[in-house]
Every structure is written in structure tokens, then in C-alpha cells.
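Shown next, in C-alpha cells, is the structure this report addresses.
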Amino acid sequence: MFMLRQRLTKALLILILLSTSLAFAQFENPIQVRDASILKPPPGAKIALVEFMDLECPVCGHDNPIIMDAVAKYHVPWIHYSFPLPQHNWAFQAAVYAHWFAAKSMPLADQFRNYIYANQFQIDTKSDLRNWTEKFAKMHGMALPFVVDPQGKLTAQVKADQALGTRMGVHYTPTLWIVTNDYSHGKNYVQVTNFNNLFSMLDQAEARVGNRK
């Protein structure tokens, strides 16, 4: 009974935080990009989504299904960079786990991120995160090692993502850009600051570059 009450209290607090964060996000100023070198689609793609994400961020968790739906509809690559915020106590470790799964396969890492967002309200501590990560690994016929990053290589990858984001000017999450291979109108990228507009913005990008087959 106590655990249920604790979970309900946490869920209520997160909902309040999420409502406040979403309201604030509507007025968030776009990032003033200082280095746009990565803001381009991968080879062979006309449009892509580039996101800097924090797996503990409630707004990221709220917006993640919207991005998933957009990727499924428009068939565009979705490029992830880890940007765990210092105020989130398990976000950095979650990013390390995501990079561990990425070393197995990128689709597996994508599934892991979506899985963590879907269960975000039930994760309080790094121990909770470990338990949920072990469940995910087991679901995919894998065993999560006791030490996932013995040489610190995954930690270095997360820090490199953070450094890249900071160099670009990223300071909040989620930060998502629609990028195209069309440079005829100046900038080939636009930041999504209101996720309610994501589909219409992709329609506009598609009209410019003809992404549909």
C-alpha cells in the first residue's frame, strides 16, 4: 500500500512538473546554433531528424511518441545525441546504457530509448534504471553485464555528445531539428520548438525536397 501511494505521489508530481515544463517549452527560444556541421541528413536521405535528448527529461518522454509517429509516417532517419542534464540523477547512466545497446545495433538502442521513455514514471533511482535495463536486455535474449563500461569508452561517447551539444549551443532538452539536403533557402535546418507543429513542418520540408517515393 505504501509503495502504491509513493508511486501515485511521484506520478502526480511528475505530471505537475510536466505540465509546467510543457507550458514553459512553448515559450522557449530556439537555439542560436554556433556550429551546424552535423545538421544534415545522412548519405542517401533528403530529410532527417536530429535530436539531443535526456532519457530522464519528462518533456522528452512526452514528445517521444510524437517523434516516433512522425518517423513512421515520413520514413526519415532519426539521429540521436545524448545530452543528460546535470539535475537528473540517472540520466547519464541511462545514456551509457543506450550507447551499450547501440554497440550491438542502432535499432536496438532506439528501442531501448523508447522503452525507457515509456516506463520513465516508474524509474526513481539508478537501481530502478538498472532493473528496467536488465528487463529490456532479457526481452531481447541478452544479459546485461555487471559492469557495462569497464574501460570508460561509453562514458567518453556520452561526454563527447554533451560537448558537441554545448559547442552547438544546446542547453535544454528535447532539442530537435528537421534537417534537409536543400541549401537553396539559406539554412537547411529548422528547430522544432512546438511539437504540435512537427507534422506540418515535415510536410513543408517534404514539399521542398520531395522526400516521398
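The values are calculated or read from the model by the stated rules, or taken from the named source; none is laboratory data. None of the values given here were measured: they were computed from a predicted structure. Neighbour counts are summed over all protein chains in view; Cβ atoms, including those assigned to glycine, are modelled from backbone coordinates with ideal geometry. Areas reflect the complete protein model, heavy atoms only, side chains present, ligands, DNA and RNA absent. Shrake-Rupley method; radii C 1.70, N 1.55, O 1.52, S 1.80 Å.
A few points about this structure:
- Electrostatic dipole magnitude of the chain [Cβ: Lys, Arg +1; Asp, Glu -1; Cα centre; debye, to 20]: 300 debye
- With a threshold of 19 Å on the Cα-Cα distance, the over-threshold entries among K104/K126; K46/K159; K73/K135; K73/K104; K104/K153 are K104/K126; K46/K159; K73/K135; K73/K104.
- Between the listed residues L85, N194, S105, the Cα displaced farthest toward the positive end of the dipole of the chain, a dipole computed from Cβ unit charges relative to the Cα centre, is found at S105.
- For the chain, the relative contact order works out to 32 percent when only alpha carbon pairs closer than 8 Å and six or more residues apart are counted.
- Nearest-20 debye value, the stretch 38-88 charge dipole, Cβ charges on Lys, Arg, Asp, Glu: 320 debye
- Peptides 65-71, 99-105 ranked from most to least packed give 99-105, 65-71, packing being the mean of other C-beta atoms within 10 angstrom over each peptide's residues.
- Percent accessible area from carbon and sulfur atoms, the chain, protein chains only, probe 1.4 Å: 59 percent
- Prolate/oblate/rounded label for the chain (Cα gyration tensor, a/c 1.5): prolate
- For the stretch 85-143, a crude dipole built from +1 on the beta carbon of Lys and Arg and -1 on the beta carbon of Asp and Glu, taken about the Cα centre, is about 120 debye to the nearest 20.
- Accessible area in square angstrom per residue, the chain, 1.4 angstrom probe: 53 Å²
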